[in-house]
Amino acid sequence: MSLITVILIIVAVAALWLIATFNGLIRSRNRVKESWADIDVQLKRRYDLIPNLVEAVKGYMKHEAGVFEKVTLARTAAMGVQGKVEKAKAENALGSTLKSLFAVSENYPDLKANTNFLQLQQELADTENKIQAARRFYNGNVLDFNTKIQVFPTNMIAGMLSFSKEEFFEAQGAERENVQVKF
């Protein structure tokens with residue numbers, strides 16, 4: 001085997017490794033983007049349910065206009081936010097206002113017995129569970145991607161090709177606190 005053949009084999013192996021590494025990074029980044037889109041799908045479902053929920057509750061809770069306003073403002077803010085960190089903060093704020101709406105609804109026994117309200121509450125709870133699952137899936141993909149771009153020797157290729165670390169979808173402030181249960 002000549003020296004030129006050995007050099008060509010080494011170059012070919014290196015090129016194949018570079019191609020495989022690049023394609024792996026692209027696949028991982030696309031999985032992160034796809035899982036973020038999954039979160040957006042569930043958030044859209046939540047946004048669509050909230051006006052129906054507010055309308056179902058309004059007739060019963062005439063003296064709770066402040067709660068409706070907070071929910072509406074939080075929904076509008078969450079829908080208009082760009083960026084993953086800002087989106088996470090806005091979604092956490094919306095979740096808190098929805099919790100306050102459900103807490104106030106506890107004071108209205110007729111409302112709690114209303115079939116439409118119960119159905120909307122169940123759909124919203126189901127959507128919240130799907131959002132949590134989508135967040136976990138997203139964070140798992142972010143972990144895989146970030147690990148790929150930080151380990152040797154892939155980190156050299158990732159650095160040269162400007163792959164950058166993705167942000168996790170994290171709980172903010174109030175979501176990290178212990179829940180107070182009172183009977």
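For the chain, which longest stretch is free of loop sites, where a loop site is one of the trypsin sites (Lys or Arg not before Pro) that DSSP puts outside H, G, I, E and B and that has at most 14 other Cβ atoms within 10 Å?
63-164
Can you give me the span-like helices of the chain, meaning DSSP H runs with 30 Å or more of Cα extent along the axis and Kyte-Doolittle mean at or above -0.5?
Within the chain the helices that satisfy the rule are 3-58, 84-105.
Below 14 Å Cα-Cα, how many Lys pairs turn up in the stretch 23-176? Only count pairs eight or more apart in sequence, or on different chains, if you could.
9
What is the distance in Å between the Cα centroid of the stretch 34-75 and that of the stretch 112-172?
Cα centroid of the stretch 34-75 versus Cα centroid of the stretch 112-172: 21 Å apart.
GluC sites (Glu not before Pro) within the stretch 62-171: which are DSSP loop residues with at most 11 other Cβ atoms inside 10 Å?
Passing both the DSSP loop test and the Cβ count: GLU106.
Using amide H atoms built in the peptide plane, which far-off residues or other-chain residues are under 5 Å from VAL81 H to H?
Under 5 Å from the amide H of VAL81: no residue qualifies.
Values in this text are rule-based calculations from the coordinates and carry no lab data. Everything quoted here is computed from the prediction, not taken from an experiment. Cβ sites come from the backbone with ideal geometry, for glycine too, and all protein chains shown count toward neighbours.
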